[in-house]
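Worksheet: one structure, shown below.
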Amino acid sequence: MSTARVARRIATAAAYGGGGISLLGGAAVGVLLTEARLAKRMVGGSEAVAPRADGRYGSAFAHRTGEAPLRLGFLGDSTAAGQGVRRARETPGALLASGLAAVAERPVQLVNVALPGAQSDDLARQVTLLLERGAVPPDVVVIMIGANDVTHRMPLATSVRLLSDAVRRLREAGCEVVVGTCPDLGSVEPVYQPLRYLARRVSRQLAAAQTIAVVGLGGRTVSLGALLGPEFEARPRELFGPDNFHPSAEGYATAAMAVLPTLCSTLGLWPETDERPDARRGEGFLPVAQAAAEAASEGGTEVTAAQGAVSGPRGRWALIKRRRRRGLPEEQDRHPAPTQGVATGGGAG
């Protein structure tokens, strides 16, 4: 069964409260559980607390424009929190806040409530915490979630339904939403066959189903793929951290470079010439399930709803974008504003 078809079934089940989709027989499950135990011995679960990166970025721009800071929220698991690096400036939240400030030429206030080890059932708590942190909701929220749902065998439809509920609440609060979909766990180096094949398959199915749900709610997705691109498979020693699971500082920078254009575009800050589909890069309009499946197989691919609620015999259509990656600007002056109530507990994932 194609990824697009499975993703459509998962998204439909999520929308109507259905259960998970069975992928394997009992014998296959036994083999894979044995492989999983072997992989756990080789993949280190980092106990380090993710650096707290909350604060104001690009403060120098405040003296030029006098505009209020843009508000950037971060939700999700250890990838969103930045676990695996030692410096706050190396986390994806800090990298994207700095990049957004440079593009907008305006300060950015970052609030990160991501929790290492979180599954999608923690998103409701995180959304509540984020919306309660300020009198005004964030302008845009980035969510990175899904890896722990796969490793803890949460039913995929349940995972998608929980993400949908979070995106819906944020959209109703007036936030733009960008979701970094479930990374390709088949790219984790110590995971061998046949577990690697299943991890890749399930990760991509979940990522595609997440895209269908998020686009239907007016959000945008960026595929994290093999943790955002073939670089991770080609250079795992450089782009994975010491625990062989979380990205290194260079890995998070690679991720941020892929997400930044979408983050800026959703706020109307990206060059208009880059907003038009470029057929030379394989961009264009597709049925949303097909667009979601293509994005899940190629890291850094953006999917957004086609304007005007375009639909056809196969449902809604979406725009697929393969934006050119651009280097992150140098970090602007940062004056952190200590906050309370940010969850930074330990745990892998």
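Quick look at the values:
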| quantity | calculated |
| --- | --- |
| Pairwise label distance in nanometres, Arg125 with Ala60, each label 7 Å out on the Cα-Cβ vector | 4.0 |
| Amide proton proximity set for Arg133, modelled H, under 5 Å, gap of 5+ | none |
| Region 56-101: equivalent-ellipsoid semi-axes (sqrt of 5 x gyration tensor eigenvalues, Cα, Å) | 24, 11, 6 |
| Glu176 long-range amide H proximity, modeled H, under 5 Å | Val140, Val141 |
| Peptide ranges 129-139, 72-82, 97-107 listed from the most packed, as the mean C-beta count within 10 angstrom indicates | 72-82, 97-107, 129-139 |
| Asp165, Asp149 arranged by Cβ crowding within 10 Å, fewest neighbours leading | Asp165, Asp149 |
| Burial order of peptide ranges 3-12, 268-277 (average beta-carbon count within 10 Å, highest first) | 3-12, 268-277 |
| Global form of region 137-188, assessed from the alpha-carbon gyration tensor, a/c cut-off 1.5 | oblate |
| Anisotropy class of region 40-169 from Cα gyration tensor, a/c 1.5 cut | oblate |
| Relative contact order (percent, whole number), region 49-112, Cα cutoff 8 Å, 6+ residue spacing | 52 |
| Surface/4 estimate of mean projected area, convex hull on alpha-carbon atoms of region 71-140, nm² | 4.7 |
| Cα-projected label distance for Arg153 with Ser2, points at 7 Å along beta-carbon direction, nm | 3.0 |
| Residue-wise HN-Hα coupling along region 120-129, computed from phi with Karplus coefficients 6.51, -1.76, 1.60 (Hz; x: Gly, Pro) | 5, 6, 8, 5, 4, 5, 5, 4, 4, 4 |
| For region 88-228, alpha-carbon Rg relative to the globular expectation (2.2 N^0.38 Å, N residues) | 1.07 |
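No value in this document is a laboratory result; all are computed from the given coordinates. In this text, all values refer to a predicted model and were calculated from it rather than measured experimentally. Cβ sites come from the backbone with ideal geometry, for glycine too, and all protein chains shown count toward neighbours.
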